[in-house]
């Protein structure tokens, strides 16, 4: 690549980081734009068409490839005459073919035999692919795009559509027909007004201490002092907490170390001696604790404690942990590591202040 093209690449990469795209998308854009700059005969409209003709098969398989190159040309203010085709949604089939049922079953068996995948991930993949085969008999780019259009018309959230796409891409690699699909953009949002305050958190713990079964007291204390996702919390054991730390495989198959505070360790050790508790922590009256089960309990407890029901869900305590940690340390980078975030940008959202905090700061500081 000559110096002029290298400079174009450097400038374009700097521009990408101002667009708000995810790091994953930026990585793909850089990969495909670099290939274009290295292999196209000219950086103009004619060069684009020659490159597109030469790489037609790859561009069909990898939707990001065409999108990235066109984005570069738009950045360089080079017209390329691209017209978006209207994508028609798929209509639902009457039944899933026996061939696809077998394929789906074999894929799930493969995922189950591969220990890198949690039961939750396998369930999401199964649900997503079953949905796809309810609309399409064949796996190809056109069907995938039309399937996504169908999901959009069903008003599914961008987060759900992204899960469906991840499952399709994983399945496509397994059947050796790799497909890359464009994901809908997601605005990262956190309503900081719907996070329990420190006073509400302590009030809830005091209430749960009075219960005959103190397991739930420890459930909330663990969630509030680790920032664990529910899927991670469900893997904790009483022994892990007594030991003070544990390393678990969490979201995205990433390993994450959890620490348990000294006071919590002492309380759990005493509770184990008193009750003989052992094994998995998150167990309720009827077996393993589910998200729905915990949410139902939280709503009831919140009502008893006078806490807004919007703050009473498991993930709210992850947000509570983040807000409290930042309040004490101001260390966003360490918090990102503790929360298992791939990017500090994800963690910065916890720097936002609630309405009450903003009003309090305003009244404290605006005294002129």
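The values are calculated or read from the model by the stated rules, or taken from the named source; none is laboratory data. In this text the structure is predicted, and so the values were computed from the model without any measurement. For neighbour counting, all protein chains shown are included, and Cβ atoms are generated from backbone atoms with ideal geometry for every residue, glycine included.
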Can you tell me how many residues in the stretch 192-230 are within 26 Å of the chain's Cα centre (by Cα) and not in a helix (DSSP H, G or I)?
6
Among (1) under 21 Å from residue 227 (Cβ atoms); (2) touching a helix residue (DSSP H, G or I) at 6+ places or on another chain (Cβ under 8 Å); (3) modelled with pLDDT of 80 or more, there is one condition residue 347 misses while meeting the rest; what is its number?
(3)
In the stretch 244-283, anything exposed (fewer than 15 other Cβ atoms within 10 Å of the Cβ), closer than 12 Å to residue 340 by Cα and either touching a helix residue (DSSP H, G or I) at 6+ places or on another chain (Cβ under 9 Å) or not assigned by TED's automatic domain parsing to the domain that holds residue 230 (or both) is listed as 253, 257
Anything in the stretch 52-72 that is under 16 Å from residue 12 (Cβ atoms) and out of contact with any helix residue (DSSP H, G or I) (no Cβ under 6 Å at 6 or more places or on another chain)? List them, or say none.
67, 70, 71
Given the conditions (1) touching a helix residue (DSSP H, G or I) at 6+ places or on another chain (Cβ under 7 Å); (2) at pLDDT below 85; (3) within 30 Å of residue 5 (Cβ to Cβ), and given that residue 87 satisfies all but one, which numbered condition is not satisfied?
(3)
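Do you know which of the residues in the stretch 231-266 that are in a helix (DSSP H, G or I) and free of Cβ contacts under 8 Å to residues at least 24 places away in the same chain is farthest from residue 311 (Cα to Cα)?
So in the stretch 231-266, the residues in a helix (DSSP H, G or I) come out as 231-233, 238-243, 251-253, 262-266.
Remaining after also requiring free of Cβ contacts under 8 Å to residues at least 24 places away in the same chain: 243, 262-263, 266.
Values: 243: 30, 262: 27, 263: 25, 266: 28 Å.
Per the criteria, the residue is 243.
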Within the stretch 118-138, residues touching a helix residue (DSSP H, G or I) at 6+ places or on another chain (Cβ under 6 Å) and part of a loop (DSSP other than H, G, I, E, B) come out as 135, 136
Number of the condition not met by residue 41 [criteria: (1) outside any loop (DSSP other than H, G, I, E, B); (2) in contact with a helix residue (DSSP H, G or I) (Cβ under 9 Å, 6 or more places away or on another chain)]
(1)
